[in-house]
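As structure tokens, the structure follows; a few thoughts come after it.
Bear in mind these aren't lab numbers, they're just calculated from the coordinates by the rules spelled out. Bear in mind the structure is a predicted one, so any value in this text is a computation, not a measurement. Heads up, the Cβs are rebuilt from the backbone with ideal geometry, glycines too, and the neighbour counts pull from every protein chain shown.
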Number of protein chains: 6
Amino acid sequence: MSQTIELIPGNTLITATPEEGRQLAVKMSRLIIKATQPDAAVRERLRGVYAEDPTMLIAIGHTVAAEFATIAAANNYWR
Amino acid sequence: MSQTIELIPGNTLITATPEEGRQLAVKMSRLIIKATQPDAAVRERLRGVYAEDPTMLIAIGHTVAAEFATIAAANNYWR
Amino acid sequence: MSQTIELIPGNTLITATPEEGRQLAVKMSRLIIKATQPDAAVRERLRGVYAEDPTMLIAIGHTVAAEFATIAAANNYWR
Amino acid sequence: MSQTIELIPGNTLITATPEEGRQLAVKMSRLIIKATQPDAAVRERLRGVYAEDPTMLIAIGHTVAAEFATIAAANNYWR
Amino acid sequence: MSQTIELIPGNTLITATPEEGRQLAVKMSRLIIKATQPDAAVRERLRGVYAEDPTMLIAIGHTVAAEFATIAAANNYWR
Amino acid sequence: MSQTIELIPGNTLITATPEEGRQLAVKMSRLIIKATQPDAAVRERLRGVYAEDPTMLIAIGHTVAAEFATIAAANNYWR
């Protein structure tokens with residue numbers, strides 16, 4: 001993995017709103033894939049695969065849910 | 001992902017009841033899929049696939065469970 | 001998803017006993033599948049598939065475990 | 001699912017030791033499979049399948065881990 | 001499952017260090033597989049399969065992560 | 001598993017920043033794979049497989065999310 005890729009934008013889990021926290025969850029899950037497959041052309045090709053595959057789309061959703069759980073706890077659920 | 005798609009309706013995890021929290025979990029998991037596959041026609045076609053596939057239906061259930069865990073904690077379990 | 005399907009029977013996560021909490025976990029996981037595939041005939045056909053497939057049975061177990069974790073926390077583990 | 005199957009032996013998550021808690025996690029995960037596939041002959045046949053399949057064995061381990069997490073929390077980790 | 005297999009070495013989740021906690025997570029996940037497939041010769045054969053299969057290796061990692069989450073919480077994260 | 005492989009670099013879950021915590025999550029998930037498949041040549045070959053497979057990349061992301069959840073909690077979310 002390229003150590004030069006930033007894994008957490010802004011280097012914080014704290015966000016102003018749940019919506020921003022959700023966006024961060026999406027970004028964090030994508031950055032792991034980017035770090036594992038740094039070639040943008042390959043990632044673009046794979047995007048065409050998973051965007052049409054329901055099993056993969058569901059798995060992406062599950063992964064984002066896991067990231068979001070951590071972010072939501074960090075923000076005390078924006079209560 | 002299109003940044004114009006709202007990922008959390010109402011921008012809050014707080015709901016009046018467990019039932020509404022469960023509905024939010026379903027919506028949030030669907031919005032991630034929508035953000036990943038913005039083409040409504042493709043999503044409609046994929047729906048016909050996963051709605052008949054038990055493995056995918058179970059995986060959807062698992063994903064909703066993960067989202068709901070976060071929402072339930074946010075609402076202090078509606079105790 | 002049909003909005004007329006009740007997703008959480010009784011609209012509460014609180015149960016009198018762990019056994020009832022476990023039953024609720026099973027019901028909640030099934031209701032997500034019901035909401036995603038409202039056709040009872042299709043669900044009945046799929047039941048014949050997953051009840052004979054060890055991978056699917058294990059995945060069902062994992063999903064119920066996730067739902068139960070939330071219910072158990074809601075009930076302070078019935079301590 | 002047959003409502004006559006007991007899903008949590010003893011109707012409690014509290015155990016005297018971590019070892020007993022772990023055994024309970026195994027039992028609880030098996031009882032969900034039993035409730036979903038009540039036919040003992042079918043379960044015995046499927047056992048011959050998953051006991052030789054590494055993917056399924058790993059998935060069983062993941063499911064038990066999820067059940068155990070809840071049981072361990074219920075017992076305040078036997079600290 | 002053979003009831004004679006010890007599922008948690010030492011019958012405690014408490015360890016002196018994170019490293020030992022991680023080793024315990026690995027052992028606990030393996031003991032579930034051992035309990036499910038008590039035949040050492042079969043397990044040895046399956047090891048040759050999963051050690052060369054990236055999907056299975058990733059799934060093992062996910063399972064260990066789940067076990068470790070519980071152990072880490074039990075030890076108050078060794079703070 | 002080779003007992004000589006260090007599973008948690010630095011033998012602590014505490015990190016100075018979320019970014020470092022995320023890097024630790026990636027390392028910890030990789031070290032489990034390394035411990036399970038100690039042959040570097042095999043791991044290098046498998047890397048060529050999973051780096052081009054969207055399902056595996058998503059599964060890696062899910063695993064890292066699980067490790068990170070524990071690390072984030074250990075660090076009180078760097079609040």
- Task: Kindly list, by first and then second residue, each pair from a residue in region A:5-19 that is within 10 Å of F:Glu19 (Cα to Cα) to a residue that is in a loop (DSSP other than H, G, I, E, B), limited to pairs with Cβ atoms under 6 Å and residues at least 6 apart or on different chains.
- Result: A:Asn11/F:Thr17
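Taking the options C:Val49, C:Val42, name whichever one is more than 21 Å from D:Asp39 (Cβ to Cβ) and either at the interface with chain B (Cβ under 7 Å from one of its Cβ atoms) or in contact with a Gly (Cβ under 9 Å, 6 or more places away or on another chain) (or both). Let's see the steps before the verdict.
Values: C:Val49 fails: more than 21 Å from D:Asp39 (Cβ to Cβ).
The conditions single out C:Val42.
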- Task: Would you check which residues across region E:20-56 are of a type in the set (Gly, Ala, Ser) and either free of Cβ contacts under 8 Å to residues at least 40 places away in the same chain or more than 14 Å from E:Ala72 (Cα to Cα) (or both) and list them?
- Result: E:Ser29, E:Ala35, E:Ala40, E:Ala41, E:Gly48, E:Ala51
- Task: Output the residues belonging to region C:1-39 that are closer than 17 Å to B:Thr63 by Cα, at the interface with chain B (Cβ under 8 Å from one of its Cβ atoms) and touching an Asp or Glu at 6+ places or on another chain (Cβ under 8 Å).
- Result: C:Leu7, C:Ile8, C:Met28, C:Ser29, C:Gln37
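Checking the condition at negative phi and within 14 Å of the chain's Cα centre (by Cα), which residue from D:Arg30, D:Arg79, D:Arg45 passes?
Details: D:Arg79 fails: within 14 Å of the chain's Cα centre (by Cα); D:Arg45 fails: within 14 Å of the chain's Cα centre (by Cα).
Testing whether each residue is at negative phi and within 14 Å of the chain's Cα centre (by Cα) leaves just D:Arg30.
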- Examine region B:64-72 for a residue that is of a type in the set (Phe, Trp, Tyr) and closer than 22 Å to C:Asn11 by Cβ, and state whether such a residue exists. yes
